[in-house]
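J.: Quick one: the structure is below, and I'll ask about it shortly.
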Amino acid sequence: QVQLVESGGGLVQAGDSLRLSCAASGRTISSYATGWFRQPPGKEREFVAVIRMSNGNTYYGDAVKGRFTISRDNAKNTVYLQMSSLKPEDPAVYYCTARTRPTLSNYVNDYNYWGQGTQVTVSS
């Protein structure tokens, strides 16, 4: 089993930056695809970004492309989400997720493991 723990959420102002971290434990995720989804209040969970841990290939959702950057540190078994130019529509609970098949997917049901989520709030 893989446990995922997110950190780094908080309250920021529009235009600010924030970095989320996702630390995995239980087993190495270096052969996985690991990513982020977010869920605003009252809405469906939305794909944000995913990275293939083995080679660093990435895939982003349209809403965050050009503003968010996903990266990984295999030595630390950790994935990061650098969020820049935060907008009033970005607030949500951000969830880290991982799938054993390293295909870069934007489909929530393709993922095997989920963290508990971290809240991101943006004030205008």
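The values are calculated or read from the model by the stated rules, or taken from the named source; none is laboratory data. Predicted, not measured: the structure shown is a model, and the values here were computed from it. With ideal geometry, Cβ positions are generated from the backbone for all residues, glycine too; neighbour counts draw on all protein chains shown. All accessible areas refer to the heavy atoms of the entire protein, side chains included, with ligands and DNA or RNA removed. Shrake-Rupley method; radii C 1.70, N 1.55, O 1.52, S 1.80 Å.
J.: Go through the residues of the stretch 34-57 one by one and say whether even a single one is of a type in the set (A, V, I, L, M), in contact with a Ser or Thr (Cβ under 8 Å, 6 or more places away or on another chain) and within 22 Å of P88 (Cα to Cα).
T.: yes
J.: Another question about this same structure. Could you list, in sequence order, all residues of the stretch 21-49 that are basic (K, R) and either open to solvent by 20 Å² or more (accessible area, probe 1.4 Å) or over 19 Å from S7 (Cα atoms) (or both)?
T.: Scanning the stretch 21-49 gives R27, K43, R45.
J.: Which one is nearest to R99 (Cα to Cα), of the residues in the stretch 1-57 that are part of a strand (DSSP E or B) and of a type in the set (S, T, N, Q)?
T.: Filtering first and then ranking leaves T34.
J.: Turning to a different aspect of this structure: Within the stretch 70-124, work out how many residues are under 21 Å from Q1 (Cα atoms), of a type outside the set (S, T, Y) and part of a strand (DSSP E or B).
T.: 7
J.: Another question, then. Is there a residue being in contact with a Phe, Trp or Tyr (Cβ under 9 Å, 6 or more places away or on another chain), at pLDDT 95 or above and among the hydroxyl-bearing types (S, T, Y) anywhere in the stretch 5-19?
T.: no
J.: Another question about this same structure. Show the residue pairs meeting these rules: Cβ distance below 7 Å; 6+ apart or different chains; first residue within the stretch 50-64 and farther than 13 Å from L81 by Cβ and open to solvent by less than 10 Å² (accessible area, probe 1.4 Å); second residue of a type in the set (A, V, I, L, M, F, W, C) and assigned to a loop (DSSP other than H, G, I, E, B).
T.: M53/I29
J.: Related question: Residue by residue through the stretch 73-98, note down the ones that are of a type outside the set (V, I, T) and within 11 Å of the chain's Cα centre (by Cα). I'd like the intermediate steps shown before the answer.
T.: Of the residues in the stretch 73-98, the ones of a type outside the set (V, I, T) are 73-77, 80-92, 94-96, 98.
Correct list: Y80, L81, Q82, M83, Y94, Y95, C96, A98.
J.: Inside the stretch 103-124, can you point out the residues that are over 15 Å from F47 (Cα atoms) and open to solvent by 50 Å² or more (accessible area, probe 1.4 Å)?
T.: Q116, Q119, T121, S124
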